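K.L.:
Quick one: the structure is below, questions incoming.
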Amino acid sequence: MAYDYDNDNIFAKILRGEIPNRTVLDTGHALAFEDISPRAPVHVLVIPKGPYVCFDHFQSAATNEEIVGFFETVRGVCEKLNLSPGEGGKGYRMIANTGRDGVQEVPHFHVHILAGRPIGPMVMAV
Ligand code: AMP
């Protein structure tokens, strides 16, 4: 399966430093920053530094080191913001919108971390 990565997508520009961001955590393999249009008191995006379009692309093409590094960064954000239920935090929702039906707007793999209040139903009923 081939994926066409768009080097001009907004997250690629953030990674190149062409667009500012409010960084929460910057590690070797991933960058976490505040969503520009927050849907919850805590709304952080975590993106790998490599050019991956979506989760499937990332999982199939990234190295194990990149994949572990990415999820360690997600975990680091939860730790930094005190969200982890096992450590007294109130929890969070992690979302990866993927492709057309997933309504993914930015074609660079990312997860949303939403927290700071009960996030509500998983999806709207049809
Ligand atoms: P998605 O629909 O999963 O692709 O989500 C893309 C997210 O990127 C949205 O929640 C936007 O608010 C967010 N976003 C777009 N541009 C920026 C930006 N320059 N800085 C931070 N977040 C952004």
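K.L.:
Taking every Cα atom in region 1-106, find the radius of gyration and the maximum pairwise distance Dmax, and write them in Å.
P.N.:
For region 1-106, the Cα-based Rg and Dmax read 14.0, 42 Å.
K.L.:
Work out how much length Arg93 to Thr23 would gain on full extension: take 0.36 nm times their residue separation and subtract the Cα-Cα distance, in nm to one decimal.
P.N.:
Residue separation times 0.36 nm, minus the Cα-Cα distance, leaves 23.3 nm.
K.L.:
Calculated from DSSP H runs of 4 or more alone, at -39500 (n - 2.57) each and per residue, what is the 222 nm mean residue ellipticity of the chain, nearest 500?
P.N.:
Roughly -7000 deg cm²/dmol at 222 nm, from the helical runs in the chain.
K.L.:
Same structure again: Need the C-alpha centroid separation for region 68-108 versus region 8-23, integer Å.
P.N.:
19 Å
K.L.:
Further question on the same structure: Sort region 44-126 into rounded, prolate or oblate with this rule: let a ≥ b ≥ c be the square roots of the eigenvalues of the Cα gyration tensor; rounded if a/c is under 1.5, and if a/c is not under 1.5, prolate when a/b is larger than b/c, oblate otherwise.
P.N.:
Oblate shape, in that a/c is at least 1.5 and b/c is the bigger or equal ratio.
K.L.:
Moving on. Reachable lysines from Lys13, Cα under 29 Å, same-chain residues fewer than 8 places away excluded?
P.N.:
Counting by Cα, and skipping residues close in sequence, Lys13 has these lysines nearby: Lys49, Lys80.
K.L.:
Which values of log₁₀ I(q)/I(0), to two decimal places, follow from the Debye formula for region 10-60 at q = 0.19, 0.28 Å⁻¹ with a uniform point scatterer at every Cα?
P.N.:
These q points yield log10 I(q)/I(0) values of -0.67, -1.17.
K.L.:
Same structure again: About the Cα centre of region 1-77, what is the dipole size in debye to 20, counting +1 per Lys and Arg Cβ and -1 per Asp and Glu Cβ, all else neutral?
P.N.:
Dipole magnitude for region 1-77 comes out near 240 debye.
Bear in mind that the values in this text are calculations on the coordinates, not laboratory data. From a predicted model like this one, the values you see are computed outputs, not experimental measurements. Neighbour counts are summed over all protein chains in view; Cβ atoms, including those assigned to glycine, are modelled from backbone coordinates with ideal geometry.
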